[in-house]
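What follows is one structure encoded as structure tokens, with my remarks underneath.
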Amino acid sequence: MATNSKRFSDQIVMVTGAAGVLGASMSHALAKEGATVVVTGHKEKPGFELAKAIGGDAIFVNLDVTDEVSWLTALDVTEKERGPLSVLINNAAYLAVGGVQTVPLAQWRTVIETNLTGTFLGIRAAAPSMRKAGGGPIVNISSIAGLHGTPGLAANGASKWGIRSLTRTAAYELARDNIRVNSVHPGIIDTPLAYDPKTGMELVPVDDFAIPRMALVDEIAAYVFVRRVRRRGVLHRVRIRRRWRLWARSHRSTPVAEKGTLRAHRKQNFKTQENDMDTTILITGTSSGLGRATAKLFHAKGWNVIATMRSPDQETELTKLDHTLVTRLDVQDSQSIQSAVEAGLAKFGRIGALVNNAGYGAYGPLEATPLEKMRRQFDVNVLGLLATIRAVLPHFRANKGGTIVNVSSIGGRIAFPLGTLYHGTKFAVEGLSESLHYELSALGIHVKIIEPGMIKTDFGGRSFDFNNDPELTGYQPLVQKLMDTFGPMMESASAPEKIAEVVYTAVTDGTDRLRYEAGPDASQVLSHRKSADDATFIAGIRAQFGLNPIRG
């Protein structure tokens with residue numbers, strides 16, 4: 001009996017950034033298997049030309065992935081002309097080369113808006129249409145930069161780590177609608193993005209790779225097509241990084257004894273710097289909780305403390321401490337950041353360490369979250385953190401040393417349902433911190449990450465922003481389950497003073513250690529995550545929140 005071998009007949013597939021080489025390759029592959037391809041992009045001429053080249057029922061729809069209205073319009077046009085969406089491939093991307101000290105802020109914002117916000121808006125806009133089609137896969141094209149920090153790619157790494165967390169959270173939330181959300185993490189692909197636009201030279205030389213070439217576009221497209229779009233399951237994170245691993249191994253030539261000697265030298269060098277300089281620390285978010293506990297601990301240990309907060313005029317406790325400067329710093333106000341650093345230097349002469357603690361958590365269903373709240377979450381937790389680092393770097397560089405401690409969370413290593421924004425920012429903090437760890441080491445600057453579990457602070461109060469719309473009835477059981485879960489979790493939360501001790505260790509231990517788990521619950525959860533494969537761990541999360549297995 002004859003059968004139809006075209007696996008995507010009667011399916012409507014939207015590809016963002018389709019006019020690029022990878023997007024075009026995926027579009028052609030899907031069309032050959034019977035899919036009705038919706039080519040999207042913000043440049044009409046190449047978009048129309050690609051749709052014409054694909055032929056059949058392929059259409060071009062204008063789309064700016066950074067604009068929510070543009071997404072809604074594109075989905076409306078797609079439904080009217082071809083029907084409800086079956087598959088979404090979030091492929092549009094922008095690459096800015098530069099470290100935290102060198103990448104222009106405008107390019108940083110463009111990368112985050114295109115890569116991360118664009119993916120977020122795509123999932124949010126496509127979900128209602130895909131429900132009408134009975135579900136289907138959403139594939140987010142990330143990068144190995146979403147798995148490893150990469151020196152000189154601060155913005156790209158932060159956006160790709162964010163996509164990784166966004167994928168996990170969206171997978172949990174949309175599973176009940178039979179919508180599968182996956183991320184693909186390619187290595188270096190032979191596209192125009194891999195070359196310097198001015199010189200035409202490779203941005204990352206491949207001659208020393210174990211396999212001395214970049215991945216071909218069609219290789220990645222075939223992997224996405226065969227393994228991601230067709231495969232069933234809640235979440236399958238793909239790491240196309242074999243060449244990267246082999247390349248890394250080929251460069252690990254330092255003998256073990258030499259490494260040990262180097263570590264000892266660095267440790268001794270750090271302690272010498274610490275003893276030679278005034279022990280002054282700048283801490284953000286000291287009005288309450290962990291920030292306040294950290295400020296008090298360092299003061300008790302004899303340090304000069306620059307305790308910053310948005311409303312220092314309301315502070316009554318820290319202002320009574322000697323060797324302590326209480327000053328205004330709002331991480332969303334770049335001028336206040338610079339003023340706080342200058343005030344600290346004017347009072348104490350030098351700054352030896354920075355603790356980026358300011359932050360809050362935005363939770364709730366994607367569909368109920370206003371775009372302005374998403375921007376604020378990233379402005380505070382990510383951009384504010386980077387702006388503060390950037391403000392102290394010239395001073396650290398001039399002194400040939402310093403320590404930066406970024407307060408992340410176990411939520412930067414794992415994700416829970418309804419935490420799209422919060423987890424996205426904390427995954428971003430993990431990625432940019434790891435990248436900076438490499439980038440700044442040659443300057444004698446240490447970068448550390450603190451990963452607490454639950455802390456007995458007001459995180460459930462003013463530091464917790466929950467967004468919900470009761471009319472979105474499908475989400476309400478999960479919303480209630482999350483609220484019910486937070487209570488027991490807070491009962492086992494650590495006192496902020498205990499986490500502050502971990503921060504003190506990170507600043508003063510004189511090692512190159514990057515990550516510090518903080519709190520018994522953090523150690524337990526992260527240990528379980530390390531020992532379990534994706535399927536086992538995700539099944540546990542689903543069981544915890546009462547999520548039924550995905551259909552189909």
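The values are calculated or read from the model by the stated rules, or taken from the named source; none is laboratory data. In this text the structure is predicted, and so the values were computed from the model without any measurement. Reconstructed Cβ throughout: ideal geometry from the backbone, glycine too, with neighbour counts over all protein chains shown.
Based on this model, can you work out whether I445 counts as closer than 30 Å to K400 by Cα and of a type in the set (A, V, I, L, M, F, W, C)?
Yes: the conditions hold for I445.
Look at A51 and say whether it is crowded, with 22+ Cβ neighbours inside 10 Å and among the small types (G, A, S).
yes
Among the residues of region 54-75, write down those that are of a type in the set (G, A, S) and touching a residue at least 24 places away in the same chain (Cβ under 8 Å).
Scanning region 54-75 gives G55, G56, A58, A74.
For A506, all conditions in the list (1) more than 22 Å from the chain's Cα centre (by Cα); (2) surrounded by fewer than 18 Cβ atoms within 10 Å (Cβ to Cβ) hold save one; what is the number of the exception?
(2)
Across region 486-505, which residue is nearest to A295 (Cα to Cα) among those that are charged (D, E, K, R) and free of Cβ contacts under 8 Å to residues at least 60 places away in the same chain?
Selected residue: K498.
Suppose we filter S435, S492 for residues that are more than 16 Å from A353 (Cβ to Cβ), under 22 Å from the mean Cα position of the chain (by Cα) and among the hydroxyl-bearing types (S, T, Y); which single one remains?
S435
Test of understanding: among D322, D330, D313, which residue is assigned by TED's automatic domain parsing to the domain that holds E471, more than 30 Å from T117 (Cβ to Cβ), part of a loop (DSSP other than H, G, I, E, B) and out of contact with any His (no Cβ under 7 Å at 6 or more places or on another chain)?
D322
Answer yes if at least one residue in region 516-532 is in the same structural domain as I281 (by TED's automatic domain parsing), in a loop (DSSP other than H, G, I, E, B) and not hydroxyl-bearing (S, T, Y), and no otherwise.
Within region 516-532, one or more residues are in the same structural domain as I281 (by TED's automatic domain parsing), in a loop (DSSP other than H, G, I, E, B) and not hydroxyl-bearing (S, T, Y).
To keep it simple, each residue is scored yes or no on (1) buried (at least 22 other Cβ atoms within 10 Å of the Cβ); (2) outside any helix (DSSP H, G or I); (3) at pLDDT 95 or above.
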site	(1), (2), (3)
T3	no, yes, no
K6	no, yes, no
V38	yes, yes, yes
G47	no, no, no
V77	no, no, no
I89	yes, yes, no
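Taking region 464-482 on its own, how many of its residues are part of a helix (DSSP H, G or I), loosely packed, with under 14 Cβ neighbours inside 10 Å and not β-branched (V, I, T)?
So the count comes out to 3.
Which numbered condition in (1) within 20 Å of N381 (Cα to Cα); (2) touching a helix residue (DSSP H, G or I) at 6+ places or on another chain (Cβ under 7 Å); (3) modelled with pLDDT of 95 or more is the only one that S334 fails?
(3)
Is region 10-18 home to any residue that is in contact with a strand residue (DSSP E or B) (Cβ under 6 Å, 6 or more places away or on another chain), in contact (Cβ under 8 Å) with a residue 24 or more places away in the chain and in a helix (DSSP H, G or I)?
The answer is no, given that none of the residues of region 10-18 is in contact with a strand residue (DSSP E or B) (Cβ under 6 Å, 6 or more places away or on another chain), in contact (Cβ under 8 Å) with a residue 24 or more places away in the chain and in a helix (DSSP H, G or I).
Being assigned by TED's automatic domain parsing to the domain that holds A506, in contact with a His (Cβ under 8 Å, 6 or more places away or on another chain) and modelled with pLDDT of 95 or more: is that true of V341 here?
So V341 fits the description; yes.
Please list, ordered by residue number, the helices (runs of 4 or more DSSP H) wholly in region 94-192 having 3 or more residues that are assigned by TED's automatic domain parsing to the domain that holds P84, of a type outside the set (S, T, N, Q) and surrounded by 24 or more Cβ atoms within 10 Å (Cβ to Cβ).
The qualifying helices (runs of 4 or more DSSP H) are 118-132, 154-174.
Could you check region 333-352 and list, in sequence order, the residues that are touching a residue at least 60 places away in the same chain (Cβ under 8 Å) and outside any helix (DSSP H, G or I)?
G349, R350, I351, G352
May I ask you to list the residues in region 284-304 that are under 30 Å from the mean Cα position of the chain (by Cα), outside any helix (DSSP H, G or I) and of a type outside the set (S, T, Y)?
The one that is under 30 Å from the mean Cα position of the chain (by Cα), outside any helix (DSSP H, G or I) and of a type outside the set (S, T, Y): G285.
Which of the numbered conditions does A522 fail, given that it passes all the others? Conditions: (1) under 24 Å from Q377 (Cα atoms); (2) surrounded by fewer than 18 Cβ atoms within 10 Å (Cβ to Cβ); (3) at pLDDT below 90.
(2)
Just to be sure, is E33 under 31 Å from the mean Cα position of the chain (by Cα) and either in contact (Cβ under 8 Å) with a residue 60 or more places away in the chain or outside the structural domain of F120 (by TED's automatic domain parsing) (or both)?
So E33 fails the test.
Hey, does region 356-372 have a residue that's touching a strand residue (DSSP E or B) at 6+ places or on another chain (Cβ under 6 Å), surrounded by fewer than 16 Cβ atoms within 10 Å (Cβ to Cβ) and in the same structural domain as F427 (by TED's automatic domain parsing)?
Within region 356-372 (the criterion being touching a strand residue (DSSP E or B) at 6+ places or on another chain (Cβ under 6 Å), surrounded by fewer than 16 Cβ atoms within 10 Å (Cβ to Cβ) and in the same structural domain as F427 (by TED's automatic domain parsing)), the answer is no, since none of the residues qualifies.
Has region 483-501 got any residue that is at positive phi and modelled with pLDDT under 90?
Checking region 483-501: not a single residue is at positive phi and modelled with pLDDT under 90.
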